[in-house]
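See structure below.
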Amino acid sequence: MRCALVGGNLGQLAQNNGWAGIVVNGCIRDVDEINGCDIGVRALASHPQKSNKRGVGEKYVPVHIGGTLIHDGEWLYADSDGILVSKNELSL
């Protein structure tokens, strides 16, 4: 919550790569730019300060967000009321 983890550039990159959305267990910035992207973004808050890039990270590991453990391969469905996690794709 000390800085933004995702900004407009990453939002645009995610859109260009065909992502459906991004869930951030922290803050985002460039909210107007992100809202202009054709992807869904959910975060805890916005913050104007950029993060420091360290070039580290992990893939395909479980992530604990808001009391829920999310595993690789699970489906996330989000709207303005919240996020639903499913082990299987839901027919909507």
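The values are calculated or read from the model by the stated rules, or taken from the named source; none is laboratory data. These figures come from a predicted structure and were not determined experimentally. Every residue, glycine as well, gets a Cβ built from its backbone with ideal geometry; the counts of neighbours run over all protein chains shown. What goes into the accessible areas is simple: the full protein's heavy atoms, side chains included, and nothing from ligands, DNA or RNA. Shrake-Rupley method; radii C 1.70, N 1.55, O 1.52, S 1.80 Å.
A few remarks follow.
- Placing +1 on the Cβ of every Lys and Arg and -1 on the Cβ of every Asp and Glu, with no other charges, gives the chain a dipole of roughly 500 debye about its Cα centre.
- Net +/- balance of residues flanking LEU76 in space, Cβ distance below 15 Å, scoring K and R +1, D and E -1: -3
- Prolate/oblate/rounded label for segment 36-92 (Cα gyration tensor, a/c 1.5): oblate
- Cα centroid separation, segment 5-27 to segment 36-63 (Å): 7 Å
- Remark: the chain carries 77 Å² of accessible area per residue (probe radius 1.4 Å; ligands, DNA and RNA excluded).
- For the chain, the fraction of 1.4 Å probe accessible surface lying on carbon and sulfur atoms is 49 percent.
- A Förster distance of 22 Å, applied to the separation of the beta-carbon atoms of ASP32 and MET1, puts the FRET efficiency at 0.60.
- Helical runs (DSSP H, four residues minimum) scored at -39500 (n - 2.57) apiece and divided by the length of the chain put the mean residue ellipticity at 222 nm at -4000 deg cm²/dmol.
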